[in-house]
Amino acid sequence: MRMVDLISKKRDGHELTTEEISFFIDGYTNGTIPDYQASAMAMAIYFKDMNDRERADLTRSMVNSGETIDLSAIEGIKVDKHSTGGVGDTTTLVLAPLVASLGIPVAKMSGRGLGHTGGTIDKLESISGFHVELTKEKFIDLVNRDKVAVIGQSGNLTPADKKLYALRDVTGTVNSIPLIASSIMSKKIAAGADAIVLDVKTGAGAFMKTEEDAENLAHAMVQIGNHVGRKTMAIISDMSQPLGFAIGNALEVQEAIDTLKGEGPDDLTELVLTLGSQMVVLAQKASTLEEARTKLQESIKSGKALAKFKDFIKNQGGDVSVVDHPEKLPQAKYKIEVRAKESGFVAKMVADEIGIAAMLLGAGRAAKDDVIDLAVGLMLRKKVGDPVTKGDSLVTIYTNCEDVDAVKTKIYENIFIASEAQKPVLIHKIII
Ligand code: URA
Ligand code: CA
């Protein structure tokens, strides 16, 4: 087989066979196929697309390019949740202990934040002592015993994806549905999930800005999952404005604790219950979504979910007393209000730009190796659709540096007040 023939075949719009796709991925991973041929192939796929079978084969080849995690030693159906990334998205911190509190194993591999989006591990590390450097054995033992553990992205999972994603980044081929869908799904499958619930975000703060693109990606990922034998479903959820009120690591931990106590923001709570219900049904711990939702709500009400969060923190070395004493979380030196310059209704809060404002404070990374400040961030005091009176606080800036003029300007430029406004729809669609 010659790579040049495969590139020409795809360029002319033909279907690649299973063997041809694995020849490409294996060769690119081990270095026998050079970057220039892989980029030509990525561009051919970008323009000519792939059918469902090719997409599933591409995903499988990427899974097989490296190690996979074997979770078969964990009893029960392992359901993973994946979000395509957003601003202030505290969902995993709430969902993991909440779902685990119903006896469902949550064996989660998580990452760090980059750009305007945050990462679950960074957030959890704002709890003193908490760490994700577990051996595989310890990880599996914890999930078997207490149903929940989070491990960092370790080992050599999907090296083909790492290489190809970096190449796509510099060759104008990131935005291709078959390439994105196989990239995301290969990582989830290599991480060992039996079933997968996808939260595909749409709107300004999302990877997929339009609802149509989000829906196409969601369909593609669901198809791949089902093709390779993992039950998969997706929710399309709003990311036109940040989720919840808190954006920033320690602030989001506090928000997660509030939500586990039943006192969280409405949108975050609703998203958690929607995703959680799907997970509970996929794990076969409820037969209907309604039954699943009721069980989740009861677990919050009874304190079981919060108790599970405490077990989880303690198991991974964290200081559990932060749950009852949030003042022990990293605290910012200054709190500075951003006040409304006019009255009306909040019409728009541009999620990615607000995320960048938080990043400028030090809550996130502009580059992969940047050091972040866990204490800083933003607390939204209003959300889209809320009435405001001139002088009301729109946002509180939590900062360790008094000069926040650039951040303030960015916030003002990205919060719009109008004479009328509606709350955005949170859950756009469910795709099975
Ligand atoms: N996220 C991924 O993991 N892969 C892509 O290709 C795009 C977004
Ligand atoms: Ca939030």
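Only a single item in (1) surrounded by fewer than 24 Cβ atoms within 10 Å (Cβ to Cβ); (2) more than 16 Å from ligand 2 (Cβ to nearest atom); (3) on the phi < 0 side of the Ramachandran plot is not met by GLY192, and it is number (3). Of the candidates SER176, SER277, SER186, SER182, the single residue that is away from ligand 2 (no atom under 16 Å from the Cβ) and in contact with a Phe, Trp or Tyr (Cβ under 6 Å, 6 or more places away or on another chain) is SER176.
Among LYS314, LYS301, which is the only one that is part of a helix (DSSP H, G or I) and farther than 23 Å from PHE245 by Cα?
Exactly one of LYS314, LYS301 is part of a helix (DSSP H, G or I) and farther than 23 Å from PHE245 by Cα, namely LYS314.
Report yes if ALA206 is within 16 Å of ligand 2 (Cβ to nearest atom) and in a loop (DSSP other than H, G, I, E, B), otherwise no.
So ALA206 passes the test.
Return the residues of segment 176-186 that are in contact with a strand residue (DSSP E or B) (Cβ under 9 Å, 6 or more places away or on another chain) and either β-branched (Val, Ile, Thr) or farther than 15 Å from GLY229 by Cα (or both); say none if nothing qualifies. Selection gives ILE180, ILE184. Against the test of being touching a Phe, Trp or Tyr at 6+ places or on another chain (Cβ under 7 Å) and more than 16 Å from ligand 2 (Cβ to nearest atom), the options ALA305, ALA347 yield a single qualifying residue, ALA347.
Do we have THR135 as within 16 Å of ligand 2 (Cβ to nearest atom) and either touching a residue at least 24 places away in the same chain (Cβ under 8 Å) or surrounded by fewer than 21 Cβ atoms within 10 Å (Cβ to Cβ) (or both) here? Taking the combined requirement at face value, the residue does not satisfy it. Residues in segment 85-109 that are touching a strand residue (DSSP E or B) at 6+ places or on another chain (Cβ under 9 Å) and more than 16 Å from ligand 2 (Cβ to nearest atom): 10 in all.
Put simply, of ALA220, ALA256 the only residue that is away from ligand 2 (no atom under 16 Å from the Cβ), assigned to a helix (DSSP H, G or I), in contact (Cβ under 8 Å) with a residue 12 or more places away in the chain and at negative phi is ALA220.
Within the bounds of segment 45-64, is there any residue that is among the acidic types (Asp, Glu), surrounded by 15 or more Cβ atoms within 10 Å (Cβ to Cβ), in contact (Cβ under 8 Å) with a residue 60 or more places away in the chain and under 30 Å from VAL148 (Cα atoms)? No, there is no match, as no residue in segment 45-64 is among the acidic types (Asp, Glu), surrounded by 15 or more Cβ atoms within 10 Å (Cβ to Cβ), in contact (Cβ under 8 Å) with a residue 60 or more places away in the chain and under 30 Å from VAL148 (Cα atoms). Among the residues of segment 166-181, the one identified as without any contact (Cβ under 8 Å) to a residue 24 or more places away in the chain and near ligand 1 (Cβ under 8 Å from one of its atoms) is VAL174.
Every number here is computed from the coordinates shown, using simple stated rules; none is lab data. The model shown is predicted, which means the values in this text are computed figures rather than measured ones. Don't worry about glycine lacking a Cβ; one is built from the backbone with ideal geometry, like all the others, and counts go over all protein chains shown.
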